[in-house]
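Scroll down for the structure; my scribbles are underneath it.
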Amino acid sequence: MAEVRLEKVSKSFGDTHVIPELSLEVRSGEFMVLVGPSGCGKSTILRLVAGLEDADVGAIYIGGARVDTRSPKDRGIAMVFQSYALYPHMTVRENMAFSLKLAKLPPAEITIRVEEAAKMLDLGELLDRKPNQLSGGQKQRVAIGRAMVRRPVVFLFDEPLSNLDAQLRVRMRAEISLLHRQLKSTIIYVTHDQVEAMTLADRIAVVNRGRIEQVGAPLDVYHSPKTKFVASFIGTPSMNFFPATVLPPSALPAGAAECGFRAENAFLTGDDAALSLGEGRVILVEPLGGTALVHVEVGGRTVVVEHRGATLPKRDALVNVQVFGQNLYYFDSRGSRLSTGER
Amino acid sequence: MKSRSLETAIVGWALVLPTLAVLGFFVFLPAGQSLYLSFQEVDPLARRHTFIGFSNYRNLLFSPDYWTSVWVTAKFAFVTVVAGVGLALALAVALDANPYARGLMRTVFLLPVSISSAMAAMLWIFLYNPTAGYLNFLLDLVGGQGPNWLGSSKWALTSVAITTIWKEMGFSIIFLLAGLAGVPNELKEAALVDGAGPVRRFWHVTLPILSPTLFFVTVVSVIHSFESFGQIHILTGGGPFGKTTTLVYNLYIDAFVNFRTGYASAQAVLLFLLMMAATAVQFRIANKRVHYG
Amino acid sequence: MSLAAEARKARGIATAVLLLPALVQFFPLFYLVCVSFKVGPEVIQYPPKLLPSSLSLENYRLALESAPLLRFLWNSLVVAVGITVCQVVTSILAAYALSRMEFRGKKVALGLIVATMLVPGEVTIIPNYFAMAALDWLNTYRALIAPYSASGFGVFLLYQFFRAIPKELEEAAIVDGASRMRFLFQFMVPLSAPAIMAFAIYAFVNAWNQYLWPLVVTQSTSMQTVQIGLGMFRSQNESTSWGVIMAATTLLVIPSVALFVATQKQFVRGITMAGLKG
């Protein structure tokens, strides 16, 4: 397994600077997830590592060797595409064997690898079928199998689960996680779904408009977002924000700021120790079963509160939204996190 | 409600009637008549029919002229289809690779398609002129000896084929271009990651996905070649010595020059059967090698 | 190297590959025009020069004088327009009935109409000739137009397009008080305009380019179409200079080329639709 390093890489398509300047290090054997909204450039980063795009500036290293000038097949990578990209006229077996045949591996070796991958991915009965006879989930597994047989040092996944339905997605997530533990491979995984990111990753990199805003373990990023963007992108439902003014004396710089808190840290019952945002009107209650998401209009904004009580507030009811001070995050006007040193 | 559906039926049939009447009278009826006439001996003034059973067919199948025309047709079809579709494929690939040139080039390649076979023949007939034509002049420049294109037994059919390919290639190019555009980019990228170079990618990814289009273009080209007439009539008139007389041309001569109606009708029937057979054979081959979906 | 980088390299090679064939495709037309301007002995001189020494219109004048070119163009126009209009109208009516109405025997009618696409011209030409002779229609516009006044392909094509128009649209129109015919011509036709246009062009070009049928059915020069007329003229006037013949050809080719240039997109669409016929 190998580590991957991007150094000061930038890429433009025509006039659009998709990636202004980016550096990233992926450790050997790590499951790194690049997460961000559509169009943020995360797929481009992946394709740069794969060699499907050439960087305008900067260097890319895989396993310590510089690979900028190498074609994808010489980089030791394998890729799982969003649309599976299975060769429609070949059987599953032939799909998986294709790259090995091109590499002129002996037939015996090819068979061994294909069977091994098929066993791991539960594809045994499907080996002689054609892609158009497979379901979405099966196609996805074949795509993974095709990547696996090459025994790459880095696996690249480009939004592999977006075309699957919700239940299947959850199952495949677990399978991919299991695969990572079994193969102990370096994985770079791109998704716009932050739930996938949180559950699969050893570390996540939050990408916004071609820049990496934060890299870290999922929970670290969740609890200590460095920018307003990261705070709002990670976590469901997303963080609530409202403007605040910092008055001296305070450990934070004085002036205008934005204050954020997560839905699960807010509550509606009275507690004198907590700060109150004021009285608000309930405009929507979304019961989820164990909890409910209550949308409250307060102070001119809509805020979402996670409510765990047995009784749910009714629409148009007046409630008091409260948060504990230690659960507040402050951001300056440019979106950077203002920190007092503790969280 | 019953009157509603009756009214609908009347209106419906009324709307369909013009088409059905014309097609019935000018397609189905004559088709049947051709079959009928093929079993008749018809005098040149078409006044009397005498039933002669399979005589026309027997005479045809024993006629060396007929077999010559079968052979000419086969050669002609083979050359125009293989060279025509092959060239079209190469050019379509080149056009696909260069989006900037596409607009202009497409116009140039399509221009010959817009003119008729007869006009195409008129263009080429002077080019082929052995003494004053530019073609032989060009060959002279490079040291070759230009033949009598339209007059020599050796070259006449090739000349007609060249003109035909020249005129019809654009048609195939359009379809192949559309087919090439339908090859998903991700598939080519997957192949690239798998280690396939451009040639392997073409063979393993592009060609299989293109195969339905390729098949279609081939079938249409074969049918077109069977039905070619105008250029033969103008360029060679079927000669020299029947070297460019295809089945259709032979039919024309027998029907409208020699007025052997029954005999020609039998040829028409055989031609129809032959075209069906050729298409069926192609479908058979396609079953094995064309990948759909 | 990425696909994009490979593509850049390929582009250069592709352009090189395209140049010679493009030249070959274009050359005969260019040559035609060049020869048409060459006067007298210049036409058959050897070694031949490609470009004419002057842009003399002498050949064109002679061509127009000796062959009834305008008559040929007129005949082709009448026939092609006639055939196109008839095919478009009959196809619209039939396609509407088949796609929108329910009546007994509908499937049979559709099947028969579509089946005609499989019948090659050679099988029908002899009996049709005799039919024309019997009706005393030989050498008239009627003979040239009538057999082609309907099109199985046209019905099939428009049937597919009409079927794609949602039924609710028609139902809303009927509730609003529109009659069937009104709906057809005020809604379905405009909505299918691109397809109808492309089909019309396809039908027109096919009719204009017809060779065998006009050859068989016309007897006098005054009825000959462009395709037949020129060939006949040439074979009957063996001594005519090539320059004059090329001039005549150029004149007769201009309408086809002009139509193509003017309607390129539709033209291509028309060809592509003809492909679906297969």
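The values are calculated or read from the model by the stated rules, or taken from the named source; none is laboratory data. Everything quoted here is computed from the prediction, not taken from an experiment. Because the Cβ atoms are built from the backbone with ideal geometry, glycine has one as well, and the counts that use them run over all protein chains shown. When the accessible area is computed, the model is the full protein with side chains, heavy atoms only, and any ligands, DNA or RNA have been set aside. Shrake-Rupley method; radii C 1.70, N 1.55, O 1.52, S 1.80 Å.
Summary of computed values
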| item | result |
| --- | --- |
| Whether the range B:63-289 is rounded, prolate or oblate, judged on the alpha carbon gyration tensor where a/c under 1.5 counts as rounded | oblate |
| Whole-Hz ³J(HN,Hα) from phi, Karplus 6.51 cos²θ - 1.76 cosθ + 1.60, for the range A:15-21, glycine and proline x | 8, 8, 7, 5, 10, x, 6 |
| Prolate/oblate/rounded call for chain C, Cα gyration tensor, a/c under 1.5 rounded | oblate |
| Label point distance in nm, A:A256-C:S53, each placed 7 Å from Cα along Cα→Cβ | 8.6 nm |
| Cut-off 13 Å (backbone N to label point 7 Å along Cα→Cβ of A:S336), residues of the range A:211-243 | A:226-228 |
| For the protein assembly as shown: Kirkwood Rh in Å [reciprocal of mean 1/r, alpha carbons] | 33.7 Å |
| DSSP bridge orientation in the protein assembly as shown - percent antiparallel, rounded to nearest 5 | 75 percent |
| Within a Gaussian network of chain C (alpha carbon springs, distance under 10 Å), most fluctuating of C:A207, C:A16, C:A133 | C:A16 |
| Sequence-separation-based contact order of the range B:63-289, relative, with Cα cut under 8 Å and 6+ spacing, percent | 28 percent |
| Neighbouring partner chain Cβ atoms per residue of A:147-157, average, 10 Å criterion | 1 |
| Estimated buried accessible area (total), pair C and B, 1.4 Å, Å² to nearest 100 | 7900 Å² |
| Sparse-neighbourhood loop sites, trypsin sites (Lys or Arg not before Pro) in the range A:1-110 - DSSP loop, at most 16 other Cβ within 10 angstrom | A:R27, A:R70, A:K104 |
| Neighbour-limited loop hits for trypsin sites (Lys or Arg not before Pro), the range C:30-139 (at most 15 other Cβ within 10 Å; DSSP other than H, G, I, E, B) | C:K49, C:R104 |
| Partners for A:K101 among lysines (Cα-Cα distance below 18 Å; same-chain residues under 8 apart left out) | A:K73, B:K188 |
| Candidate residues A:V323, C:V33: accessible-area rank, largest first, probe 1.4 Å | C:V33, A:V323 |
| Shape category assigned to the range B:58-97 from the gyration tensor of Cα positions, a/c cut at 1.5 | prolate |
| Shielding score for C:83-94, defined as the mean number of other chain Cβ atoms within 10 Å | 3 |
| Average Cα contact separation per residue, chain A, under 8 Å, 6 or more apart, as relative contact order % | 17 percent |
| Per-residue SASA entry for C:C86, accessible area with 1.4 Å probe, Å² rounded to 10 | 50 Å² |
| Partners for A:K11 among lysines (Cα-Cα distance below 16 Å; same-chain residues under 8 apart left out) | A:K42 |
| Backbone N under 13 Å from the C:Q236 label point (7 Å along Cα→Cβ), restricted to the range B:220-248 | none |
| Table column - 3J(HN,Hα) (Hz), the range C:59-64, Karplus curve with 6.51, -1.76, 1.60, x for Gly and Pro | 4, 5, 4, 4, 4, 5 |
| Whole-Hz ³J(HN,Hα) from phi, Karplus 6.51 cos²θ - 1.76 cosθ + 1.60, for the range B:91-106, glycine and proline x | 5, 5, 4, 5, 5, 5, 6, 10, x, 6, 7, 4, x, 5, 4, 4 |
| Of all accessible heavy-atom area on the protein assembly as shown, the percent that carbon and sulfur account for (1.4 Å) | 61 percent |
| Summed buried accessible area for B+A [probe radius 1.4 Å, Å², rounded to 100] | 1800 Å² |
| GNM result for chain B, Cα springs below 10 Å: residue of B:V222, B:V22, B:V81 fluctuating most strongly | B:V22 |
| Descending Cα extents along the principal axes, the range C:3-61, whole Å | 57, 24, 15 |
| Cα long-axis angle, helix C:152-163 against chain C (0 to 90 degrees, to the nearest 10) | 50 degrees |
| Those trypsin sites (Lys or Arg not before Pro) in the range B:47-106 that DSSP places in a loop and that have at most 10 other beta carbons within 10 Å | B:R47, B:R48 |
| Angle between chain A longest axis and helix A:92-102 axis [Cα atoms, degrees, rounded to 10] | 70 degrees |
| Extension gain (nm, one decimal) between A:L247 and A:E279, 0.36 nm per residue minus Cα-Cα | 9.2 nm |
| Inter-chain shielding of A:68-80 (mean C-beta neighbours from other protein chains, 10 Å cut-off) | 3 |
| Under 5 Å, built H, 5+ apart or other chain: amide partners of B:Q40 | B:I52 |
| Residue-normalised accessible area of the protein assembly as shown, expressed per residue, 1.4 Å probe, Å² | 45 Å² |
| Counting DSSP beta bridges with both ends in chain A, the antiparallel % (nearest 5) | 75 percent |
| Sites A:K104 and B:Y36, calculated FRET efficiency, Cβ-Cβ separation with R0 51 Å, nearest 0.05 | 0.20 |
| Max mean-square fluctuation residue, GNM over chain C, Cα-Cα springs under 10 Å, options C:P190, C:P127, C:P21 | C:P21 |
| Stretch in chain B that is longest and holds no chymotrypsin sites (Phe, Trp or Tyr not before Pro) that DSSP places in a loop and that have at most 12 other beta carbons within 10 Å | B:63-240 |
| Sites C:A115 and C:F30 - FRET efficiency at Förster radius 45 Å, r taken between beta-carbons, to 0.05 | 0.55 |
| Lysine pair count for chain C [Cα-Cα under 29 Å; pairs on different chains or 8 or more apart] | 7 |
| Probe 1.4 Å - accessible area at A:I112, Å² to nearest ten | 100 Å² |
| C:S66-C:S222 FRET efficiency (beta carbon distance; Förster radius 25 Å; 0.05 resolution) | 0.95 |
| Residue-span extension gain [C:K9 to C:D136] - 0.36 nm each, minus C-alpha spacing | 39.2 nm |
